[in-house]
Amino acid sequence: MEKVSVCITLFNEEKGISRVLNYLDANSSLIDQVIIVSDACVDCTDQIVLDWLDHSCLQVLFIQRNKRTGRADAVRECLKASSSDLNVFFAGDISPVGASLSNLIRYFESPGVGAVTGHPVLINDKSTLADYLSFLIWSSHDAIGKKQSSHGTFFHLNGEMFALRKHCLSGFDFYNGLAEDAMMGALIRRNGFKVLWAADVTYLMKYPSDLSEYLKVRKRCCYGRIELWHLCNLQKYPFYEVSHPEYLVNVLQSCDRSFKGVLSLLFGSTAEILMRIYYRVSLHRKRNVFDELWKPAEGTKW
């Protein structure tokens, strides 16, 4: 059985990191090494990890950095430190479900698989406009991911839980943008390997219920995807959701026909279009946009 390294990148994850660490303990037989990169956390994240290290039986490398340089750089740090070709990545604010880790690893028994992504189960309760928008986005992401995976055209890894083979990822060294997950998937596909969406790899996740927090996340996603389109010349799916006809059909089918559901659809689609136009124009001033958008959303912490 080949070696498996689990990589976790952290920034202020005190609310959720214990869930992930406990999940690793429960699945220790599958894991050869754990690499945790913490970037200048100002809450109790690091202390929670240190306390966990006192009793965990896993082999752990805990890297504490005094400067926050972006998740793409933290991912590179993990891969550099990893002794395995097969690396599984977890975000610090999710809750992996059941056998998802073993299911994720099993996909790599198939020749030619370079990366596999899981899909989220939102814990939002649809009490706000942002909740409705979150369900619309993620249910449609899943529908498109499943379809594209079956057709061999999928590449958009979900950054919260995915796995990849390190040797499939050449070309990532230069990247430090806002869509590191999708960038890795695009490079792995370009290098000739399969990227799969996995129905049996699930995790609980929260998307912001507050509209301002929701828009903070969507701004980051919009800019990251336009940047990715520019870097990888993704002419077939230039802006993913808004210009992707299958995505639009799924959004319309998934939309709740209630007043709040219709209102969320109108507001959300208008906001996505305007953000894409704005950040398309702003792409040339990348440094300012990057600094403006590289801010964590507290609404995903739970």
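Between the listed residues Val60, Ser38, Ser18, the Cα displaced farthest toward the positive end of the dipole of region 1-80, a dipole computed from Cβ unit charges relative to the Cα centre, is found at Ser38. Seen from every direction in turn and averaged, the convex hull around the alpha carbons of region 18-100 projects onto 5.6 nm².
Amide H to amide H distances under 5 Å link Tyr207 with Ile123, Asn124, where only residues 5 or more positions off or on other chains count and H is placed in the peptide plane.
The angle separating the long axis of helix 211-232 from the principal Cα axis of greatest extent in the chain is about 80 degrees. Averaging 1/r across all pairs of distinct Cα atoms in region 139-233 and inverting the result yields a Kirkwood radius of 14.4 Å. Based on the alpha-carbon gyration tensor of region 1-159 and its eigenvalue square roots a ≥ b ≥ c, which shape applies: rounded if a/c is under 1.5, prolate if not and a/b is larger than b/c, or oblate? In terms of gyration-tensor shape, oblate.
Helix 129-151 against the longest principal axis of the chain: what's the angle in degrees, Cα atoms only, rounded to the nearest 10? Helix 129-151 sits roughly 70 degrees off the main axis of the chain. Put simply, the amide H of Leu61, placed in the peptide plane, has neighbours under 5 Å in Val34, Ile35, Ile36, leaving out anything fewer than 5 places away on its chain. From least to most packed, judged by other beta carbons within 10 angstrom and beginning with the fewest, Thr117, Thr9, Thr69 follow the order Thr69, Thr9, Thr117. Seen against the Cα atoms of the chain and their longest principal axis, helix 71-81 is set at about 20 degrees. Karplus-derived 3J(HN,Hα) values for region 267-278, using 6.51 cos²θ - 1.76 cosθ + 1.60 with θ = phi - 60°, are 5, x, 5, 5, 5, 5, 5, 5, 5, 5, 5, 5 Hz; glycine and proline are entered as x. For the set Lys147/Lys206; Lys166/Lys301; Lys126/Lys260; Lys126/Lys301; Lys80/Lys219; Lys219/Lys260, the pairs lying more than 19 angstrom apart at their alpha carbons are Lys147/Lys206; Lys166/Lys301; Lys80/Lys219; Lys219/Lys260. The charge dipole of the chain, taken about its Cα centre with unit charges on the Cβ atoms of Lys, Arg (+1), Asp and Glu (-1) only, comes to about 1100 debye. In order along region 159-172, the phi-based Karplus estimate (6.51 cos²θ - 1.76 cosθ + 1.60, θ = phi - 60°) of 3J(HN,Hα) comes to x, 6, 7, 7, 9, 8, 8, 4, 6, 8, 9, 4, x, 8 Hz; Gly and Pro are listed as x. For Glu14, the amide hydrogen comes within under 5 Å of the amide hydrogens of Cys44, Thr45, counting only partners 5 or more places away or on other chains and with H modelled in the peptide plane.
Every number in this text was worked out from the coordinates using simple rules, so none of it is lab data. Keep in mind the model is a prediction, meaning the values are calculated, not measured. Cβ coordinates were reconstructed from backbone atoms using ideal geometry, including for glycine residues, and neighbour counts include every protein chain displayed.
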